[in-house]
Amino acid sequence: MEKDYFDLYGNRQEILQTILPKGTAKSILLRGLQYYLGQSAQWISDYDVIAEWLENNHNKGLLLSGSNGVGKTVICTKILPIVFKYYMKIHSPLELICNVKATDIEARYDKELSMRYSKILIIDDMGAESTSTHFGTRRDFVSELVDSCEADRRLLITTTNLTPDEIGERYGVRTLDRLRSITHSFTIAHDSMRK
């Protein structure tokens, strides 16, 4: 993975490009699943697209959808940050990676600058958050974050149980269009593996 972001003078660099050797990504993901899930870890064919994304993301983030219990959260919030840290040699992931549950966005939004300025933003369980009203104005923090990822060329990784149509209904066509332009969208079509 190349390590490009804003330099000390505020000049925008290119979005992060993932480039792992062919076959390496799959073995890394499998080892991560085994570490976090133990004996219940299993490789399903839908994970192949995630491994391919790690080999070359074509300067786009990842929108991973699917039902509950298919490994989305473990892969995106546990394994991928470690992969980024290891392959990018990041000594302090807090400066570059922000990992947030959608239900915590509202509480953390104004307190943590990393959510708005980190180079990699991971949103887990997009669609689970409640809508918020501040001083009579409805705020959609997820849409604001998607806008900022597009404007600042940040790498967005998000998990959701929503289908593309449901994302459009919840966040509007504008946000859905932005998500399509800045992420690769993959669906894990598998039954829950939770036991």
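The values are calculated or read from the model by the stated rules, or taken from the named source; none is laboratory data. These numbers were taken from a predicted model, which means no experiment stands behind them. Ideal geometry is used to build each Cβ from the backbone, glycine not excepted, and the neighbour counts take in all protein chains shown. The protein model used for the area step is the full one, side chains on, heavy atoms only, and it has no ligands, DNA or RNA in it. Shrake-Rupley method; radii C 1.70, N 1.55, O 1.52, S 1.80 Å.
Here V83 meets each of (1) open to solvent by 40 Å² or more (accessible area, probe 1.4 Å); (2) under 17 Å from L156 (Cβ atoms) with one exception, condition (1).
Residue count for region 146-162 under the criterion of being without any contact (Cβ under 8 Å) to a residue 40 or more places away in the chain and either small (G, A, S) or part of a strand (DSSP E or B) (or both): the result is 2.
Would you say S118 is touching a helix residue (DSSP H, G or I) at 6+ places or on another chain (Cβ under 9 Å), open to solvent by less than 10 Å² (accessible area, probe 1.4 Å), of a type in the set (S, T, N, Q) and without any contact (Cβ under 8 Å) to a residue 60 or more places away in the chain? In short, yes. All conditions but one from (1) open to solvent by 60 Å² or more (accessible area, probe 1.4 Å); (2) more than 16 Å from T187 (Cα to Cα); (3) charged (D, E, K, R) apply to E52; the one that does not is (2). When the residues of region 164-192 are filtered to those that are open to solvent by 30 Å² or more (accessible area, probe 1.4 Å) and over 20 Å from D147 (Cα atoms), the one that is nearest to the chain's Cα centre (by Cα) is F186.
Using the structure shown, decide if V83 is within 15 Å of the chain's Cα centre (by Cα), more than 25 Å from R170 (Cβ to Cβ) and not in a strand (DSSP E or B).
On the way: within 15 Å of the chain's Cα centre (by Cα): yes; more than 25 Å from R170 (Cβ to Cβ): yes; not in a strand (DSSP E or B): yes.
Yes, satisfied.
Residues considered: M126, M88. Of these, the only one that is at pLDDT below 85, of a type in the set (A, V, I, L, M) and either open to solvent by less than 10 Å² (accessible area, probe 1.4 Å) or in contact with an Asp or Glu (Cβ under 9 Å, 6 or more places away or on another chain) (or both) is M88. Tell me, which residue of region 56-76 that is part of a loop (DSSP other than H, G, I, E, B) and under 18 Å from Y36 (Cβ atoms) is modelled with the lowest pLDDT? The selected residue is G69. Filtering region 163-176 to residues that are among the basic types (K, R) and either assigned to a loop (DSSP other than H, G, I, E, B) or in contact with a Phe, Trp or Tyr (Cβ under 8 Å, 6 or more places away or on another chain) (or both) leaves nothing.
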